[in-house]
1. Filter the range 140-160 down to residues that are among the basic types (Lys, Arg) and part of a strand (DSSP E or B) and give me whichever is nearest to Glu58 (Cα to Cα).
2. Against the condition open to solvent by less than 40 Å² (accessible area, probe 1.4 Å) and under 26 Å from His77 (Cβ atoms), how does Cys145 come out, does it pass?
3. If I go through the range 1-19 residue by residue, how many of them are within 18 Å of Cys64 (Cα to Cα) and either in contact with a helix residue (DSSP H, G or I) (Cβ under 6 Å, 6 or more places away or on another chain) or open to solvent by less than 30 Å² (accessible area, probe 1.4 Å) (or both)?
4. Could you please find all residues in the range 204-223 being more than 18 Å from Ile2 (Cα to Cα), under 26 Å from the mean Cα position of the chain (by Cα) and open to solvent by less than 70 Å² (accessible area, probe 1.4 Å)?
5. Could you list, ordered by first residue, the pairs with Cβ atoms under 7 Å in which the first is in the range 43-60 and within 15 Å of Asp123 (Cα to Cα) and at pLDDT 80 or above and the second is in a helix (DSSP H, G or I) and open to solvent by 30 Å² or more (accessible area, probe 1.4 Å), at least 6 apart or interchain?
6. Can you tell me which residues in the range 123-139 are part of a strand (DSSP E or B) and open to solvent by 70 Å² or more (accessible area, probe 1.4 Å)?
7. Criterion first (among the β-branched types (Val, Ile, Thr), assigned to a loop (DSSP other than H, G, I, E, B) and either surrounded by fewer than 15 Cβ atoms within 10 Å (Cβ to Cβ) or modelled with pLDDT of 85 or more (or both)) does Ile30 satisfy it?
8. How many residues, within the range 131-188, are under 30 Å from Phe106 (Cα atoms), among the hydroxyl-bearing types (Ser, Thr, Tyr) and over 17 Å from the mean Cα position of the chain (by Cα)?
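The values are calculated or read from the model by the stated rules, or taken from the named source; none is laboratory data. Values in this document were obtained by computation on a predicted structure and should not be read as measured data. Please note: Cβ atoms are built from the backbone with ideal geometry, for glycine as well, and neighbour counts cover all protein chains shown. Note: areas computed on protein heavy atoms with side chains; ligands, DNA, RNA excluded. Shrake-Rupley method; radii C 1.70, N 1.55, O 1.52, S 1.80 Å.
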Amino acid sequence: MIIYHFTPSEFALRALRDRRLKIARINELIDPFEFCVADFSDADTRIKLETFKNQTNERYGVICFCENYHDPVLWSHYADGHRGVALVFDIPDDMAIRIGYQPERFKLDVDEAIQRGSFDESDLKTFIATKFSSWGYEREIRMMCHLSDHFCQIDAKGKKVYFESLSLESYGVDALKLVGLIRGVGCDLKPADIASELLAVDSLPVQDARLDSSSFQIVAGECYPVSGVRSFSACCFRV
């Protein structure tokens, strides 16, 4: 599946240099209703769901993508007001979780989950894959990550930060295959900037976004290859 990850230019260059994307923690997602998609007007249900959310936050994270890059609002919200880029990825279909958008919260049988011992994987995916209908313009695709399987660093604030590795090689074992980069309408990132963060053996297809002449859509021009210039010994790989 071809999907798009919007990001400011500086983070895109960092992803190219380190060959990885940051995994978003559940408690850090921008929608305050994440994992609150069930009706928890009952206090007991609310406590159980909050416990489940906190447990999930310690074990899982997500990387967020969109089905397409054409909506200008996506660029405004997630690509630094069109000054950033869209990284184009190819991921396995079975790892892609398509978000369902609902106008109302759904009812959850908490007692049934308790009888099973806890919420299970199917409950988790329901929470991960459900958002309020106003978010529907995003046409979001998520990839769920088991944190224990991923590289972890401690940031300047002492927090654990997890990463998903990516590859530019079609034969690589990484689930994230980077197959292109689209520069936003206002992006001042030059091909030389991109080349400076790629290895000399790399070649990345790049496109320039523009405003469509007949609709309120963003479209991309012809692909042109950007070849890397970094030596292998200069690359900062993960530990």
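1. The first filter runs over the range 140-160 and keeps only residues among the basic types (Lys, Arg), leaving 142, 157, 159-160.
Within this subset, residues satisfying the condition of being part of a strand (DSSP E or B) are 142, 160.
Details: Arg142: 18, Lys160: 10 Å.
Once the filter is applied, the top-ranked residue is Lys160.
2. Against the criterion (open to solvent by less than 40 Å² (accessible area, probe 1.4 Å) and under 26 Å from His77 (Cβ atoms)), Cys145 qualifies.
3. 9
4. Answer for the range 204-223, where residues must be more than 18 Å from Ile2 (Cα to Cα), under 26 Å from the mean Cα position of the chain (by Cα) and open to solvent by less than 70 Å² (accessible area, probe 1.4 Å): just Asp212.
5. That search, which allows pairs on different chains as well, returns Asn57/Asn27.
6. Taking the range 123-139 first, the residues part of a strand (DSSP E or B) are 130-132.
Of everything in the range 123-139, just one residue is part of a strand (DSSP E or B) and open to solvent by 70 Å² or more (accessible area, probe 1.4 Å), namely Phe132.
7. Yes.
8. 2
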